[in-house]
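Everything on this sheet refers to the single structure shown next.
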Amino acid sequence: MGTKHMCLLVITVLFVAVSIVDADTSPVTVKKVKGKKLCDQGWECKGWSEYCCNLTISQYFDYYQFEELFPKRNTPVAKAVGFWDYKSFITAAAIYQPKGFGTTGNKTTQMLELAAFLAHVGSQTSCGYGVATGGPTAWGLCYNKEESPQQDYCDENYKYTYPCAPGAIYFGRGALPVFWNYNYGYLGDCLKADLLHHPEYLEQNATLAFQAAIFQWITPLKKGQPSAHDCMVGSYKPTKNDTLSLRYPGFGCTMNILYGERTCGQGDIDDMNTIITHYLYYLDLMGVGRETAGTHDVLTCAEQKAFNPTPKKKESASS
């Protein structure tokens, strides 16, 4: 995750409201503000939002489906046995559902986004490569931290904004692994958790680890760019430059945002294909079907130019 510029704002409004209870859904409190329908569904979708008028995640994605997507995470050879669970995910998701995470659009759109998010989580935390039973798609949420870090990921260029804390090591942790002191510092500011001094919190608290991942998913890296969430729910409207760069709304766009040129614009590489395989597999398991994933152009990022390419170093006069 690159350096970000602003945290999400939580907007609260107070008006007289009425409660509606449907036999097939959670209790919904509804009100109108300037002619716009806003809702509240208790702890899972609280905060008077238009998105809370839609289905919440637990209404279309249940405990047993979570277990089907991540069946090997608590096997004896897994690296984070007992850490990841459905309750922690829903508790974290509840914070962002009023902002549209998993609650934007119709049920199909909602499930496509959820499958996309979990596909990234599953692929980035899988230990099922090689000859492991079931293959990589069965082993998501096997890890909650990098097992053998090769460095401390301390960037001294941020010593005035997010200085590395004594004894802290900023290797990858979480559901969408976080690296480097500046990312831990920034996320800590936004999540109101001191991750700069205590990066280990992301390997000790599953709800916080999921929360950090969802925050990365719904927050644009830069002003004027889409978030991964925007790519999946129709909010991203490509500019002329985006079109020339072969960037389109869809799953491929989410990989571009989260990984950039490490995964995208490199052709048909294994790293990209593994993530796509998780997505298609999860769509099938969730009952949506992989045929809803879209055309090859929107599913992959093989030919996309990165939204935020790594700056090229200037060659010296003697080179």
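Here, each number is a calculation from the coordinates, and none is a lab measurement. Bear in mind that the values here come from a model prediction, so they are computed numbers and not experimental data. FYI the Cβ positions are ideal-geometry reconstructions off the backbone, even for glycines, and counts take in every protein chain you see.
Relative contact order (percent) for segment 128-176, with alpha-carbon contacts under 8 angstrom and 6 or more residues of separation?
36 percent
So what's Rg/Rh here for segment 31-154, counting alpha carbon atoms and using the Kirkwood radius for Rh?
1.08
Residue by residue, what Karplus-based ³J(HN,Hα) values in Hz, rounded to whole numbers, does segment 67-73 have, using 6.51, -1.76 and 1.60 with θ = phi - 60° and x for Gly and Pro?
5, 5, 6, 10, x, 9, 5
For Cα Rg over 2.2 N^0.38 Å, one of (1) 1.22; (2) 1.02; (3) 0.96 was computed from the structure I shared and the rest are decoys. Which label?
Computing Cα Rg over 2.2 N^0.38 Å and matching it to (1) 1.22; (2) 1.02; (3) 0.96 gives (2).
Angle check, please: helix 181-191 long axis (alpha carbons) against the longest principal axis of the chain (alpha carbons), in degrees 0 to 90, nearest 10.
For 181-191 against the chain, the angle is about 10 degrees.
Run through the DSSP bridge list for the chain and note the antiparallel percent, rounded to the nearest 5.
Of the beta bridges lying entirely in the chain, close to 100 percent run antiparallel.
Just to be sure I understand the model, the point goes 7 Å from the Cα along the line to the Cβ. What's the resulting E50 to K240 distance in nm?
2.9 nm
Put a dot 7 Å past each Cα toward the Cβ at E67 and N273; how far apart are the dots in nm?
Here the answer is 3.4 nm between the modelled labels.
Among K192, K72, what is the fewest-to-most ranking by other Cβ atoms within 10 Å?
With the fewest neighbours first, K192, K72 line up as K192, K72.
Say R0 is 30 Å: what FRET efficiency, to the nearest 0.05, do H198 and W43 get from their beta-carbon distance?
0.70
Do you know the Lys pair count in segment 188-296 for C-alpha distances under 19 Å, with sequence separation 8 or more or different chains?
Lysine pairs meeting the criterion: 4.
Please find the FRET efficiency linking R262 to N74, where r is the Cβ-Cβ separation and R0 is fixed at 25 Å, and quote it to the nearest 0.05.
The computed FRET efficiency comes out at 0.25.
Taking 41 Å as R0, compute the FRET efficiency from the Cβ-Cβ separation of Q151 and V30 and round it to 0.05.
For Q151 and V30, the calculated efficiency is 0.20.
Of C231, A293, V33, which is farthest on the positive side of the dipole of the chain, counting Cα position, with +1 on Lys and Arg Cβ, -1 on Asp and Glu Cβ, and the Cα centre as origin?
Of the listed residues, the answer is V33.
Size of the dipole of the chain about the Cα centre, Lys and Arg at +1 and Asp and Glu at -1 on the beta carbon, nothing else charged, in debye to 20?
1080 debye
I need E113, E203 ordered by Cβ neighbour count within 10 Å, fewest first.
Going from sparsest to densest Cβ surroundings: E203, E113.
Less than 12 Å apart at the alpha-carbon level, and either on another chain or at least 8 residues along: which aspartates and glutamates does that give for K145?
Once the sequence-local aspartates and glutamates are set aside, what remains near K145 is E200, E203.
Mind checking the alpha-carbon convex hull of segment 149-207 and giving the volume per residue in Å³?
Convex hull volume per residue, Cα atoms: 77 Å³.
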